[in-house]
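**Q** Structure below; questions to follow.
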Amino acid sequence: MPVALLALAVSAFGIGTTEFVMMGLLPNVAADLGTSVPTAGYLVSAYAIGVVVGAPLLTAFGSRVPRKKMLVLLMAVFTIGNLASALAPTFGLLAAGRVLAGLPHGAFFGVGAVVAARLVREGREARAVATMFLGLTVANIVGVPAATLLGQHLGWRATFLVVAAIGLLAMAALARLVPYVPLDEGQNLRRELRALGDRQVLLGLLTAVFGFAGVFAVYSYLASMTTEVMRMSESSVTLVLALFGIGMTLGALVAGPLTDRALRPTLYGSLGALAVVLLAFDYTVHVRWAALVTVVVLGAVGFMTTTPLQMLVMRKAAHAPTLASASNHSAFNLANAGGAWAGGAAIAAGWGWMSPTLVGAGLAVVGLSIAVVAGLLDRGTSPSRVVAGGGATVPEQERVG
């Protein structure tokens, strides 16, 4: 794999760390800024809002900017957002900093996925994209626990200062290691919007919203499941979250080669497996070792959905995949918010701490149903490979269909 993928993975590591670390720092932030933990929880939503808004907006504004330069600029915004968060004197300014840090998230992964795919030979694009995503998964194993521990001992501001430093390192790596990747001939905002409106692209985004929501319906309440149902100590929550992160990493490693070989079957299989594992968790949670194994498997099958969905929208967006690729991350963050809301609603209704597993399984089935319908509608068409060359297309039916 090209060394430039390391720069993309380092960037993804920083982004993943700042996205999820706030969940572990909410009590510290609330105490320091004189607010409640539930109110501090809006800081998680603030980042997600930044992602949802920033992904299409920044990608559209940067549609004519060379991709390498765009990646560096996006990481600059990310770094400034984290620095602003570290120095924010009030809750309102901290929320603004979180929005700013989230703005480049989707656009970076959207542009980065296109660049990663063009760095490798035909037939290895999904593996390249999955390698970039490894930075995101490793952040959940190493970055988030370490940053949370740092924030608990040195204050939450130290955490965001360190993430800002990672952002500077990522900018240097991108500038040094990523080669010039030319824009497609005739690429412009109108062309990107037209590609985004493709039926298969929209169905892919809808699959991401519902299918990945199944993951976050459970992940959002995994800490409470650990202490209330598994009867493990609060100190064990970090271990359980790390196991989930290990599963995510394994899923990313497996998803790349499988997606390169057979995209839609990989998507169908991962969504179907996700529904089954979520249903099984309702039973295995009562046996500690089985519950921990299930957490790893849940992380693996959940994250296995991301690579095929990313590649699907990129390939179906024909010669203008960047905006569709970035919008996919808006879809993932809508899934995060929607899944957390649906799981929380089930708990609030008195259905029990494990009720989000049933909700999540139902969402995964909806996502699978949308994916199958999209696949059936796509039969007989001749999709093109558009992510590995400067505009030339070759038939892709065998791998996509």
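**Q** Run the quick spin-label model on Ala175 and Val293: label points 7 Å from Cα toward the beta carbon, then report their separation in nm to one decimal.
**A** Distance between label points: 5.0 nm.
**Q** When the C-alpha atoms of region 95-200 are aligned to their principal axes, what extent does each axis show, in angstrom, from largest down?
**A** So the three principal-axis extents are 51, 31, 28 Å.
**Q** Moving to a separate point now. Once R0 is set to 51 Å, what does the formula 1/(1 + (r/R0)^6) return for the Cβ-Cβ distance between Val65 and Glu234, expressed as a FRET efficiency to the nearest 0.05?
**A** My answer for the efficiency is 0.65.
**Q** Now, a different point. Looking at region 1-143, what % of the alpha carbon pairs are farther apart than 27 Å?
**A** Summing the P(r) of region 1-143 above 27 Å gives 24 percent of all pairs.
**Q** Okay, moving on. Is there a quick way to get the dipole size of region 97-251? I mean about its Cα centre, with the Cβ of Lys and Arg at +1 and of Asp and Glu at -1; what is the value in debye to the nearest 20?
**A** Dipole size: approximately 220 debye.
**Q** When the dipole is taken about the Cα centre of region 46-184, and only Lys, Arg (+1) and Asp, Glu (-1) are charged at their Cβ, what size is it in debye, to the nearest 20? Don't skip to the end; give the middle numbers.
**A** Working: 11 positive and 3 negative charges, 56 e Å.
Rounded to the nearest 20 debye, it is 260 debye.
**Q** Which value at 222 nm does the chain reach when only helices count, each DSSP H run of 4 or more adding -39,500 (n - 2.57), with the total divided by all residues and rounded to the nearest 500 deg cm²/dmol? Show your work: numbers first, answer last.
**A** Values: 18 runs with 316 residues, N = 401.
Rounded to the nearest 500, it is -26500 deg cm²/dmol.
**Q** Would you mind checking region 235-253 for residues with the amide N under 15 Å from a putative spin-label position 7 Å along Cα→C-beta of Leu149?
**A** So the set is 235-243.
**Q** Which of the peptides 7-20, 251-264 is most tightly packed, and how do the rest follow, judged by the mean count of other Cβ atoms within 10 Å per residue?
**A** Descending mean neighbour count gives 7-20, 251-264.
**Q** Also: Where does the chain land on the Kirkwood hydrodynamic radius, alpha-carbon pairs, in angstrom?
**A** Computed over Cα pairs of the chain, the Kirkwood hydrodynamic radius comes out at 20.9 Å.
**Q** For region 76-95 and region 126-158, write down the distance between their C-alpha centroids in whole Å.
**A** After rounding, the separation between the Cα centres reads 18 Å.
**Q** Between region 249-288 and region 320-359, what's the alpha-carbon centroid distance in Å?
**A** 17
**Q** With a 1.4 Å probe and every protein chain left in place, tell me how much accessible area Ile141 has, in Å² to the nearest 10.
**A** In the full protein context, Ile141 sits at about 50 Å².
**Q** At q = 0.12, 0.21 Å⁻¹, what log₁₀ I(q)/I(0) does a Debye calculation on the Cα points of region 1-72 give, no solvent, two decimals?
**A** Once normalised to I(0) and log-transformed, intensities are -0.50, -0.97.
The values are calculated or read from the model by the stated rules, or taken from the named source; none is laboratory data. Keep in mind that what you see is a predicted model, and the values were worked out from it rather than measured. FYI the Cβ positions are ideal-geometry reconstructions off the backbone, even for glycines, and counts take in every protein chain you see. Each accessible area value is taken on the protein alone, full model and side chains, heavy atoms only, with ligands, DNA and RNA left out. Shrake-Rupley method; radii C 1.70, N 1.55, O 1.52, S 1.80 Å.
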